[in-house]
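Before any comments, here is the structure.
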Amino acid sequence: MNVTFQNNFNELEVRLCGEIDHHCARGLSESIDFKIKRHRPTLLILDFGGVSFMDSSGLAIVMGRRKLMRSMDGSVELRHLCGGTRKIFDMAEISRYVIVKED
């Protein structure tokens, strides 16, 4: 899993690339949390455009970051969902909890 961060004023954009599974979920969550706590954005953008595989661990990552962002009066937006990633999030009705930006 490769992750890059871009801080834009009150937004923190996280670009994910590779596979998201239980092997990388904890480390990924910790690195995102570190950046959130450091930059204190009002909007966290998770870009899934480069994700080739994701299991339910990806859902846990999103919901955990949602909880952290809500504790800071912020929100989460998901971008570039496709294929299996979109299917998992659609089944979980993720749009009830976070912003989903359609391509």
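Just so you know, all these numbers are worked out from the coordinates, no wet-lab data involved. Keep in mind the model is a prediction, meaning the values are calculated, not measured. Here the Cβ is made from the backbone with ideal geometry for all residues, glycine too, and neighbour counts use every protein chain on show.
For segment 4-51: of the residues being of a type in the set (Val, Ile, Thr) and closer than 23 Å to Ser95 by Cα, which is surrounded by the most Cβ atoms within 10 Å (Cβ to Cβ)? Quick ask: steps written out before the conclusion?
Residues of segment 4-51 of a type in the set (Val, Ile, Thr): 4, 14, 20, 32, 36, 42, 45, 51.
Restricting the remaining residues to those that are closer than 23 Å to Ser95 by Cα gives 14, 20, 32, 36, 42, 45, 51.
Details: Val14: 22, Ile20: 26, Ile32: 21, Ile36: 20, Thr42: 13, Ile45: 19, Val51: 22.
Checking each candidate, the answer is Ile20.
Working only within segment 63-78, note down all residues that are surrounded by fewer than 19 Cβ atoms within 10 Å (Cβ to Cβ) and either under 17 Å from His23 (Cα atoms) or within 9 Å of the chain's Cα centre (by Cα) (or both). Within segment 63-78, Met63, Gly64, Arg66, Glu77 qualify.
Restricting attention to segment 15-23, does a residue exist that is under 11 Å from the mean Cα position of the chain (by Cα) and free of Cβ contacts under 8 Å to residues at least 40 places away in the same chain? Checking segment 15-23: at least one residue is under 11 Å from the mean Cα position of the chain (by Cα) and free of Cβ contacts under 8 Å to residues at least 40 places away in the same chain.
Can you find a residue in segment 69-88 that is among the basic types (Lys, Arg) and not in a helix (DSSP H, G or I)?
Residues of segment 69-88 among the basic types (Lys, Arg): 70, 79, 86-87.
Remaining after also requiring not in a helix (DSSP H, G or I): 79.
Yes.
Taking segment 81-91 as the range and being closer than 23 Å to Gly27 by Cα and either of a type in the set (A, V, I, L, M, F, W, C) or surrounded by fewer than 18 Cβ atoms within 10 Å (Cβ to Cβ) (or both) as the test, the residues that pass are Leu81, Gly84, Arg86, Ile88, Phe89.
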